[in-house]
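Structure record follows, encoded as structure tokens.
Readers should treat all values here as calculations from the given coordinates under stated rules, not as data from a laboratory. The shown structure was predicted, so the numbers you read here are calculated from the model rather than taken from an experiment. Neighbour counts run over all protein chains shown; Cβ positions are idealised from the backbone, glycine included.
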Amino acid sequence: MPGKFFQKPNEEESDRVPPGQHLAKGFPVLTYGATPQVSTEEWEFKVWGLAKPAVFTWSDLMALPQHEFTADFHCVTRWSKLNVKWTGIKVTDFLSLIEVDSQAEHVMEHCYGGYTTNISMKDFVREENFFAFKLFDEPLATEHGGPMRLVVPHLYAWKSAKWINGLEFLGREELGFWERNGYHRRGEPWAEERYSSAFGG
Ligand SMILES: Nc1nc2c(c(=O)[nH]1)N[C@H]1C(S)=C(S)[C@@H](COP(=O)(O)O)O[C@H]1N2
Ligand SMILES: [Mo]
């Protein structure tokens, strides 16, 4: 019998589990601090820094093309969940609404509740990244980041900001919440970029 909290991957899926990761049962919730409660009516999304400042509402986002995405999800605390089904809006479609300076090399993701995480422009503008508002065909539950979160499938999940409410475009790298507290700047799971070497990782 498999353990209570972890599942054994089948053969086809085992090569999708990065080194040092185990498959979680269910979909764990991982939040630092309090869970913000934000309705779609009050939800706002801001863009600033090396971009023309702009504010978007829920309906502005909903007017963009919506897609279904199936992606694997890897938390640095060593659980992974394969085949997570989301509905959302591609980052690249959202970017067509805004004017980003050519000098912008990095992005700080900002959230209701104050969480931040940094990502390079190169990692951010990938075609497979999206803003999610449904999880397995249901409105995204508050504890999983509802009403809207970012999902960046190719990096550890701490880059997938829940309750996202803004993007700050930057000319040079600044560190977000976990990155200032010892997590890796980039966080690529296949390279096990878990912790920053300055913290002994
Ligand atoms: N705003 C915010 N986003 C966040 C976090 C958080 O604490 N606050 N935790 C991160 C971490 S460490 C992980 S593993 C995933 C967990 O997402 P889940 O709770 O939907 O599983 O969200 C990420 N996004
Ligand atoms: Mo995490």
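Are there trypsin sites (Lys or Arg not before Pro) in region 1-86 that DSSP marks as loop and that have at most 15 other Cβ atoms within 10 Å, and which are they?
In loop regions of region 1-86 (DSSP not H, G, I, E or B), the sparsely surrounded trypsin sites (Lys or Arg not before Pro) are Lys4, Arg16, Lys25, Arg78.
If I stretch the segment between Glu192 and Trp48 completely, what's the gain in nm (0.36 nm per residue apart, minus their alpha carbon distance), one decimal?
Using 0.36 nm per residue and subtracting the Cα-Cα distance, I get 48.7 nm.
So if R0 is 22 Å, what FRET efficiency would Asp137 and Phe6 give, r being the distance between their Cβ atoms, rounded to the nearest 0.05?
The calculated FRET efficiency here is 0.30.
Toward the positive end of the charge dipole of region 38-182, about the Cα centre and with charges on Cβ (Lys, Arg +1; Asp, Glu -1), which of Ala104, His74, Gly176 goes farthest?
Of Ala104, His74, Gly176, it is His74.
So which chymotrypsin sites (Phe, Trp or Tyr not before Pro) in region 1-56 pass both tests, a DSSP loop state and at most 14 other Cβ atoms within 10 Å of the Cβ?
Listed in order of number, the matching sites are Phe5, Tyr32.
Given labels modelled 7 Å from the Cα in the Cβ direction, how far is it in nm from Leu97 to Arg126?
2.3 nm
If each of Ala34 and Arg185 carries a label point 7 Å out from its Cα toward its Cβ, how far apart are those two points in nm?
In this crude label model, Ala34 to Arg185 measures out at 3.4 nm.
Packing-wise, with mean Cβ within 10 Å as the measure, how do 136-143, 8-15 rank, highest first?
In descending order of packing, they fall as 136-143, 8-15.
For each pair in Lys46/Lys134; Lys52/Lys85; Lys90/Lys122; Lys8/Lys159, compute the distance between the two Cα atoms and list the pairs where it is over 24 Å.
With Cα atoms farther than 24 Å apart: Lys52/Lys85; Lys8/Lys159.
Sort region 1-100 into rounded, prolate or oblate with this rule: let a ≥ b ≥ c be the square roots of the eigenvalues of the Cα gyration tensor; rounded if a/c is under 1.5, and if a/c is not under 1.5, prolate when a/b is larger than b/c, oblate otherwise.
Prolate, because a/c is 1.5 or more and a/b exceeds b/c.
With an 8 Å Cα cut-off and a minimum separation of 6 or more residues, compute the relative contact order for region 1-103 in percent.
RCO, region 1-103: 25 percent.
Set Lys and Arg Cβ to +1 and Asp and Glu Cβ to -1, take the dipole of the chain about its Cα centre, and tell me which of Leu61, Thr116, Val17 lies farthest positive.
About the Cα centre, the residue reaching furthest to the positive side is Val17.
Placing +1 at every Lys and Arg Cβ and -1 at every Asp and Glu Cβ, with all other atoms neutral, what dipole size does region 42-176 have around its Cα centre, in debye to the nearest 20?
That gives region 42-176 a dipole magnitude of about 300 debye.
Are there trypsin sites (Lys or Arg not before Pro) in region 109-201 that DSSP marks as loop and that have at most 11 other Cβ atoms within 10 Å, and which are they?
Of the trypsin sites (Lys or Arg not before Pro), the ones in loops of region 109-201 whose Cβ has at most 11 other Cβ atoms within 10 Å are Arg172.
Could you give the nm distance between label points at Thr57 and Asp15, where each point is 7 Å from its Cα heading toward the beta carbon?
5.0 nm
Quick one: in the chain, what % of C-alpha pairs are over 20 Å apart?
56 percent
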